[in-house]
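Engineer: Would you mind keeping the following structure in view while I ask a few things?
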Amino acid sequence: MRICRFFLPGQGARLGQVVDGTIYDLTATGAPSIATMAALLQASVTTGIGTLLQEVDLSALPAYVYAGLDRAPAPDVPYLLPPVDEQEVW
């Protein structure tokens with residue numbers, strides 16, 4: 001299972017599941033536990049990520065071609081984001 005973060009114009013950062021070159025927008029489910037990477041990691045403390053994603057109907061979610069989002073950031077086009085939401089600085 002591959003997870004990624006990506007940006008959608010007008011919607012901001014999104015969490016996606018990558019399957020066979022397609023990114024499925026997990027944030028679109030509205031489930032708080034898979035709305036962001038941070039939320040997914042927090043929820044995985046008590047329930048495995050595989051279990052959390054097992055109940056998601058990917059066919060009901062918006063989908064994007066992974067290669068199409070692998071581009072330089074720009075405010076008016078979708079693009080891939082770094083894998084972390086926040087970074088703690090010491």
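The values are calculated or read from the model by the stated rules, or taken from the named source; none is laboratory data. Please read these numbers as outputs of a predicted model, since none were measured by experiment. All Cβ positions, glycine included, derive from the backbone under ideal geometry; neighbour counts span all protein chains shown. Areas reflect the complete protein model, heavy atoms only, side chains present, ligands, DNA and RNA absent. Shrake-Rupley method; radii C 1.70, N 1.55, O 1.52, S 1.80 Å.
Engineer: Select from the stretch 48-57 the residues that are in a loop (DSSP other than H, G, I, E, B) and without any contact (Cβ under 8 Å) to a residue 12 or more places away in the chain and write down the one among them that is surrounded by the most Cβ atoms within 10 Å (Cβ to Cβ).
Structural biologist: Looking at residues that are in a loop (DSSP other than H, G, I, E, B) and without any contact (Cβ under 8 Å) to a residue 12 or more places away in the chain, I get Gly48.
Table: residues versus (1) part of a loop (DSSP other than H, G, I, E, B); (2) of a type in the set (Lys, Arg); (3) open to solvent by 40 Å² or more (accessible area, probe 1.4 Å); (4) in contact with a Gly (Cβ under 8 Å, 6 or more places away or on another chain).
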{"site": "Phe7", "(1), (2), (3), (4)": "no, no, yes, no"}
{"site": "Leu15", "(1), (2), (3), (4)": "no, no, no, no"}
{"site": "Tyr24", "(1), (2), (3), (4)": "no, no, yes, yes"}
{"site": "Ala28", "(1), (2), (3), (4)": "no, no, yes, no"}
{"site": "Ala38", "(1), (2), (3), (4)": "no, no, yes, no"}
{"site": "Ser59", "(1), (2), (3), (4)": "no, no, yes, no"}
{"site": "Tyr64", "(1), (2), (3), (4)": "no, no, yes, yes"}
{"site": "Pro75", "(1), (2), (3), (4)": "yes, no, yes, no"}
{"site": "Pro83", "(1), (2), (3), (4)": "yes, no, yes, no"}
